[in-house]
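**Q** One structure, pasted below without further comment.
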Amino acid sequence: MTCTSRTTPEKSALSCGRPWKPHKYQVRAMRWLVQHAAAALFLDPGLGKTSIALGAFKVLKEKGVARRALVVAPLRVCHNVWPAELEKWADFHGLSLSVLHGPRKEERRDDGADVHVVNPEGLPWLLGARDAAAGGGWGSKRSLAGLGYDTLVIDELSKFKHATTQRFKLLKPYLPMFARRWGLTGSPAANGLLDLFGQAYVLDLGNALGRYVTHYRTEFFQPLDPNGWEWGLQPGAEERIYDRLRPLALRMSAEEYLELPELTTTDVVVELPEKAKKVYRQLETLLVAEIDKNVVSVADSSAASNACRQAAAGALYLDETGDARPELVKAAGGRGFVELHQAKLDALEDLVDELQGQPLLVAYEYKHDLARLLARWPGTPYIGGGTSEKKAAFAVKAWNAGGLPLLFGHPAAMGHGLNLQGGCRVCWFSPTWNFELYDQMIRRVWRQGQTEKCRVYRIVAKDTVDEDVLAALGRKDRGQQAFFDALRARRGKEGR
């Protein structure tokens, strides 16, 4: 049998593919979306949340209940996940999809596709372009109504966790125009339960947790410092939040429904050289340090923490380029920095040598991390801020073909939507405070289909903020897991 597909990056209309035979848990999740106009799926990567959402929308469309869907997702998810899922399964035959990004987005916006996919950064254009063209002023709700969307799908719902962000404020007045609002994420409370407000509001307009984040804070939390920078839960508030969200969210974990390989974590501890240790202590206590005649100063303890993380990794940004090597300054986005030590680079090289060509995904935090990594391993592909879709797709393809011993990646650029089954090892060159990015980065490789144990290596500078970061990650993991356990406990084992 010969199959042909009428699929382009601009528009996908499926004409062939494999039959989609959803697992029981996927049928349960589809039913949850179909039966709830406001619904969240807290699903781990690998459980097929994209196909679940497409399946639920197709059911509603066939019943004449839904007409057109707008999907808001990270850019690489827009390009690589949603179109690919539509092509993959014959059951989605008849649905068409367009990615509203790039030079032809104006044309695609009016193409009549059943599903439009846009990244959050594209929302200002989508919500305002028609108004300006019609002379109606930016942000008129009539423009969105004219596009016929009645279903909103937020893929990676946690991107809307903060109600103070521009993307949240921009979308907020348009939310009532959608008959259905669905949210998909695997990490809704990675950094604490305060993050749940914005996500819940996008779906139910404040029904569960209230209409204002200030009211949510005062009802369930209490300040931990006089300035109100940190908040902790009030006694009994945790259970009350879980009860409020139970009718809204369905939680499923990969460990419950997939056969995942064993996951192990190894900390590789390095000792800072004495010169670097001296600089680190000066930044930590005096907020100023002199390095090779370059003076680095920080304004407060928050900036000092960031500077100490950089120093632990091996370099520090400078206000001026100073004596930094020109080729490294260019690789670091034009911002000058000075190198303090190579202890982590040496530890990583020992690990690479030990692996003898087995693929290793290296997560970095700062641009000077990447600059120094590329100086040690020239020509290594990387996926980070500014990496083109073409280069990213090439790197993913080479990795999954088993042709890359090393791939460098920034968690914010590749923590969502990528399936990297060409290797099962991740190394954290600079650990991140953000548990959502930490967890999602690891799950790029820790997936069903891996045939061997997955290993996580964390290069940790002894007696530095690195140790505090790892401790915080452990606390956040336990906090989010408690939230997931509570949702499951209240719903019981129905339909499993």
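The values are calculated or read from the model by the stated rules, or taken from the named source; none is laboratory data. No experiment lies behind these values; they were computed from the predicted model shown. Cβ placement follows ideal geometry from the backbone for every residue including glycine, while neighbour counts extend to all protein chains displayed. When the accessible area is computed, the model is the full protein with side chains, heavy atoms only, and any ligands, DNA or RNA have been set aside. Shrake-Rupley method; radii C 1.70, N 1.55, O 1.52, S 1.80 Å.
**Q** May I ask which of Lys169/Lys367; Lys275/Lys344; Lys344/Lys397 have a Cα-Cα span longer than 18 Å here? Spell out each step's value before the answer.
**A** Numbers: Lys169/Lys367 30 Å; Lys275/Lys344 15 Å; Lys344/Lys397 28 Å.
From Lys169/Lys367; Lys275/Lys344; Lys344/Lys397, over 18 Å: Lys169/Lys367; Lys344/Lys397.
**Q** Test of understanding: what is the full-extension gain from Arg18 to Gln356, defined as 0.36 nm times their sequence separation minus their Cα-Cα distance? Intermediate results must be reported in sequence, preceding the final value.
**A** On the way: separation 338, 0.36 × 338 = 121.68 nm, distance 3.77 nm.
Length gained between Arg18 and Gln356: 117.9 nm.
**Q** Please list the non-local residues whose amide H lies under 5 Å from the amide H of Thr265, H modeled 1.01 Å from N, same-chain partners needing a gap of 5 or more.
**A** Val456
**Q** Given the pairs Lys105/Lys159; Lys172/Lys390; Lys161/Lys476; Lys24/Lys161, which are separated by over 27 angstrom at their Cα positions?
**A** On the way: Lys105/Lys159 22 Å; Lys172/Lys390 33 Å; Lys161/Lys476 16 Å; Lys24/Lys161 30 Å.
Flagged as over cut-off: Lys172/Lys390; Lys24/Lys161.
**Q** If amide H atoms are built 1.01 Å from N in the plane of the peptide, which residues on other chains or at least 5 residues away come under 5 Å of the amide H of Val460?
**A** Correct list: Val268, Val269, Val270.
**Q** Could you pull the accessible area for Thr164 with a 1.4 Å probe, rounded to 10 Å²?
**A** 100 Å²
**Q** Moving on to the next point. Would you kindly state how much longer the chain becomes between Tyr212 and Ala145 on full extension, computed as 0.36 nm times their sequence separation minus their alpha carbon distance, in nm to one decimal? Walk me through the intermediate numbers first.
**A** Values: separation 67, 0.36 × 67 = 24.12 nm, distance 2.57 nm.
21.5 nm is the gain from fully extending Tyr212 to Ala145.
**Q** Moving on to the next point. If I take R0 = 41 Å and measure r between the Cβ atoms of Glu256 and His162 in this structure, what FRET efficiency does the formula 1/(1 + (r/R0)^6) give, to the nearest 0.05? Could the numbers behind the result be given before it?
**A** On the way: r = 29 Å, r/R0 = 0.72.
Efficiency, from the Cβ-Cβ distance: 0.90.
**Q** Using alpha carbon centroids, what distance separates region 68-130 and region 455-470, in Å?
**A** Using only Cα atoms to place each centre, the spacing works out to 40 Å.
**Q** List every residue whose amide H lies under 5 Å from the amide H of Ser253, counting only residues 5 or more places away in sequence or on a different chain, with H placed 1.01 Å from N in the peptide plane.
**A** Sorted by chain and number, the residues that satisfy this come to none at all.
**Q** Rounded to whole Hz and in sequence order, give me ³J(HN,Hα) for region 352-369 from the Karplus expression 6.51 cos²θ - 1.76 cosθ + 1.60, θ = phi - 60°, writing x for Gly and Pro.
**A** Working through the residues one at a time gives 4, 5, 5, 6, 6, x, 5, x, 9, 8, 10, 8, 10, 10, 9, 5, 6, 4 Hz.
**Q** What full-extension length gain, to one decimal in nm, is calculated for Lys462 and Gln234 as 0.36 nm per residue of separation minus the Cα-Cα distance? Kindly include the intermediate steps, with their values, before the conclusion.
**A** Values: separation 228, 0.36 × 228 = 82.08 nm, distance 3.50 nm.
Full extension from Lys462 to Gln234 adds 78.6 nm.
**Q** Taking all pairs of distinct Cα atoms, average 1/r, flip it, and tell me the Kirkwood hydrodynamic radius of region 10-85 in Å to one decimal place.
**A** Values: mean 1/r = 0.0737 Å⁻¹.
Averaging 1/r across every pair of different Cα atoms and inverting gives 13.6 Å.
**Q** Still on this structure, I have one more. What order do Asp111, Asp466 take when sorted by accessible area (1.4 Å probe), most exposed first? Please list the in-between numbers first.
**A** On the way: Asp111 45, Asp466 5 Å².
From most exposed to least exposed: Asp111, Asp466.
**Q** Something else now. Kindly state, to the nearest 0.05, the FRET efficiency for Arg28 paired with Ala398, given R0 = 45 Å and r defined as their beta-carbon distance. Present the calculation step by step, with values, prior to reporting the outcome.
**A** Values: r = 37 Å, r/R0 = 0.82.
For Arg28 and Ala398, the calculated efficiency is 0.75.
**Q** Which whole-Hz couplings ³J(HN,Hα) result when phi for each residue of region 213-225 is put into the Karplus expression 6.51 cos²θ - 1.76 cosθ + 1.60, θ = phi - 60°, listed in order with x for Gly and Pro?
**A** 5, 5, 5, 4, 4, 6, 6, 10, 10, 9, x, 9, 9
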